[in-house]
Amino acid sequence: MQHIKLDSWQTVMVAILVLFLGRELNRRFRFLNRYNIPEPVSAGVIVSSVITLYFLVTGSIISFDLFLRDVLLVVFLPVWDCRPVLPSCLKVADPSSSCWYCQPY
């Protein structure tokens, strides 16, 4: 049994390719957009199925390094939380905003 381990940057590259595959799938198959299936989900199901078939046929394990996932989540989630209130945060710190970054000190 062989073990294929992708490092952080290879994992990010695979994730970007999966995202582009999902974009193409959603563009070609309109029902995915009609039922609001996100691009990463539509491609992720296919890629995870291919990886599972690869494992069943060859017995090789493919593993992904998830260090950058955690780092990017720490960066992405606070920014995504501030997105709806960012215009008001840029004018004056809005005390009623839900974003803890935008609260006045």
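Below are the figures for this structure:
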| read-out | value |
| --- | --- |
| Full-stretch length increase - S48, S8 - with 0.36 nm per residue and alpha-carbon distance subtracted | 12.6 nm |
| Charge dipole of region 1-78 about the Cα centre (unit charges at C-beta), most positive-ward option of H3, L32, G44 | L32 |
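Every read-out reported here was derived from the displayed coordinates using simple, explicitly stated rules and does not represent laboratory data. This one's a predicted model, so the numbers in the text were calculated from it and none came from an experiment. When we count neighbours, we look across all protein chains shown, and the Cβ atoms used for this are built from the backbone with ideal geometry, even at glycine.
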